[in-house]
Amino acid sequence: MGEVKVISIEELKKLSEGEVVEFPSFNNDESIYVKLRRPSIMKLAKSGKIPNELLADANSLFANGAGQAINRTVKDEDTLNRMFELMEVICEEAFVEPTYKQIKEAGIELTDSQLLAVFSYTQNGVESLKSFH
């Protein structure tokens with residue numbers, strides 16, 4: 001094995017700024033590309049961006065995967081509202097370009113598969129998005 005090169009701070013910074021990924025489209029006819037990053041869920045919880053009342057829901061999502069957790073834990077409208085609130089927090093942190101704020105201000109509502117794709121990307125990276133295409 002050859003010599004291992006330590007990553008430069010410039011390269012590390014560039015990687016932390018996110019990556020352009022193919023995203024599920026609204027009509028399945030064309031590709032959409034957005035820039036996403038993988039935020040630290042623990043950091044979001046510590047900073048209060050994931051409120052205490054959402055931590056149990058977050059734990060369920062992260063332990064089981066979004067689709068399975070939603071199917072298992074959504075027993076009422078209140079739980080569904082908390083899950084959606086959690087997904088919004090994750091989207092706010094994950095979208096780099098366009099930002100989630102820009103998406104909301106434009107009156108665009110992401111589809112369920114797009115929301116789940118963002119969550120999946122934040123947990124598993126680009127490979128996880130292949131199942132959404």
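FYI, it's all coordinate maths here, none of it is from the lab. No experiment lies behind these values; they were computed from the predicted model shown. Backbone-built Cβ (ideal geometry, glycine too); neighbour counts: all protein chains shown.
Observations on the model:
- Among ILE90, ILE41, the ranking by other beta carbons within 10 Å of each residue's beta carbon, starting with the fewest, stands as ILE41, ILE90.
- Exposure proxy ranking, count of Cβ atoms within 10 Å, fewest first, for MET83, MET42: MET42, MET83
- Out-of-range pairs (alpha-carbon distance over 20 Å; input LYS13/LYS104; LYS13/LYS43; LYS14/LYS49; LYS49/LYS104; LYS46/LYS104; LYS5/LYS35): LYS13/LYS104; LYS14/LYS49; LYS46/LYS104; LYS5/LYS35
- Residue order for PHE26, PHE95, fewest other beta carbons within 10 angstrom first, comes to PHE26, PHE95.
- The range 83-126: proportion of alpha-carbon pairs further apart than 17 angstrom, %: 22
- Karplus 3J(HN,Hα) series, Hz, for the range 21-35 with 6.51 cos²θ - 1.76 cosθ + 1.60 (x for Gly, Pro): 10, 6, 10, x, 8, 7, 10, 6, 9, 9, 7, 10, 10, 10, 9
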